[in-house]
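Let me begin by presenting the structure, written as structure tokens, before commenting on it.
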Amino acid sequence: MRAFPQATGQLSGLLRDIGLAAKRVNVEVNKAGLVDILGDAGDINIQDEEVKKLDVYANSQFVGVLRHGISCAGIGSEELDDIVVFDDEVSNNSKYVCLFDPLDGSSNIDVNVSIGTIFGIYRRVSESGKPATREDFLQAGNRQVAAGYIIYGSSTMLVYATRRGVNGFTLDQSIGEFCLSNPNIQCPPLGKIYSVNHGNFFQYQEPVKKYITACQKKDKTNGGPYTQRYIGSMVSDVHRNLIKGGIFMYPGTIDKPNGKLRLQYECNPFAFIIEIAGGVATDGKQRILDIKPTALHQRTPFFIGSKSMMEELDGYWKGEA
Ligand code: P6P
């Protein structure tokens, strides 16, 4: 705030609201299994996936804090079919909208694998003083003003990026506050970890298969050997690669040419973060952040990570390697 005395404080307020919801979700995630919050809520969400109770709880927490804050005019959520416009006088005068996946990797809840929340924040393009509109939520990722994630793991971390940098905060449970633990995170330009679901290998396009095979053949003479790590929880896989260096891939397949991951609230936030940290994110052909969304829940093939590894992959896409 000192650096920007003209700032209204709305973005800081929005991030504080997200931190509050994250602390509440963290309490439930930490005791999942002890209370009847595990298992399926019985519903099927728009992704045609069984909705687990923790998903529903997490979604309600993020919608609730953002609706009652002063900084957000509306939200788009992986759990909700359509956008939610907070049509009240305070919200209609708020500067931002937020897109989020309230609990990504929820299929891992029952087996105690780390899961996470992913969010992206945009300055609204619709007229202030009036309700947010659909185009507020269909902006290209390069219009984000901030993006981040919370990882509910061995410790709970909030990592977020603005154009000034990427910073990580670890939840100190004894005081209930996120404390700066990872200032100015930079993604190492060289990595030795590649993350991909090998079960789909024979469904991937040739450039992807060639790159994966090249990863397997790395040794001490050409920057390897590489390690394959795939947790199956995107927040965990991308967070590890952000800190240690590496590449995460969720390519399109014969069955799902656009892959599985969602552009607006999974890929765009991570693409924003990784680029601010010095890495690269594409759909195989173009920057993720340059894609103009046409639908709230659209999917995209997703490749993200260390600059040098992404450049090597790009060589295969271009047919040069
Ligand atoms: P697959 C979790 O369900 C998720 O959306 C991401 O967090 C994760 O990276 C991906 O799906 C894993 O999908 O098809 O490899 O199991």
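The values are calculated or read from the model by the stated rules, or taken from the named source; none is laboratory data. Small disclaimer: the values here were computed from a predicted structure and weren't measured. Please note: Cβ atoms are built from the backbone with ideal geometry, for glycine as well, and neighbour counts cover all protein chains shown. Surface areas here come from the heavy atoms of the whole protein model, side chains and all, with no ligands, DNA or RNA. Shrake-Rupley method; radii C 1.70, N 1.55, O 1.52, S 1.80 Å.
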When the accessible area of the chain is computed with all protein chains present and a 1.4 Å probe, what percentage of it is carbon and sulfur? 51
Given a 1.4 Å probe, the accessible area of segment 174-294 per residue, as a whole number of Å², is 46
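Roughly speaking, what is the stretch gain from A321 to E127, that is 0.36 nm per residue apart minus the C-alpha to C-alpha distance, in nm to one decimal? Display every interim value, and only then the final one.
Working: separation 194, 0.36 × 194 = 69.84 nm, distance 4.87 nm.
Full-extension gain reported as 65.0 nm.
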What does the extension gain come out to for N142 and Q298, with contour length at 0.36 nm per residue minus their alpha carbon separation? 54.5 nm
If you split all Cα-Cα distances of segment 125-194 into 5 Å bins from zero, what percentages do you get per bin, shortest first? 3, 12, 16, 15, 17, 13, 12, 8, 2, 1
Please name which of F137, S154, I185 has its Cα lying farthest along the dipole of the chain towards the positive end, using unit charges on Cβ (Lys, Arg +1; Asp, Glu -1) and the Cα centre as origin. I185
At a Cα cut-off below 23 Å, give the lysines reachable from K23, other chains included and same-chain residues fewer than 8 away excluded. K31, K52, K53
Calculated log₁₀ intensity ratio I(q)/I(0) where the Debye formula runs over C-alpha points of segment 233-284, q = 0.18, 0.27, 0.31 Å⁻¹: -0.58, -1.19, -1.39
How much FRET efficiency would the formula 1/(1 + (r/R0)^6) give for Q286 and S107, where r is the Cβ-Cβ distance and R0 is 41 Å, rounded to 0.05? 0.90
Counting C-alpha atoms alone, how compact is segment 244-321: give Rg to one decimal and Dmax as a whole number, in angstrom. 12.0, 35
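Within the chain, which is the longest segment that contains none of the trypsin sites (Lys or Arg not before Pro) sitting in a DSSP loop with at most 12 other Cβ atoms within 10 Å?
Working: sites that count: R2, R163, R164, K285, K318.
In short, 3-162.
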Segments 250-256, 291-297 sorted - mean Cβ within 10 Å per residue, highest first: 250-256, 291-297
Please report, in Å, the Rg and the Dmax of segment 193-317, where both are computed over Cα atoms only. 13.5, 45
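How big is Rg to Rh over segment 10-182, alpha-carbon atoms, Rh as the Kirkwood inverse-mean-distance radius?
Working: Rg = 15.8 Å, Rh = 16.4 Å.
My calculation puts Rg/Rh at 0.96.
Calculate the FRET efficiency for Q186 and T221 from the Cβ-Cβ distance with a Förster distance of 22 Å, rounded to the nearest 0.05.
Numbers: r = 27 Å, r/R0 = 1.22.
After rounding, the FRET efficiency stands at 0.25.
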For q = 0.08, 0.10, 0.15 Å⁻¹, Debye-computed log10 I/I(0) when each Cα of the chain counts as one equal scatterer: -0.35, -0.55, -1.25
Under a Gaussian network model of the chain whose springs join Cα atoms within less than 10 Å, the largest fluctuation of C179, C187, C215 belongs to C179
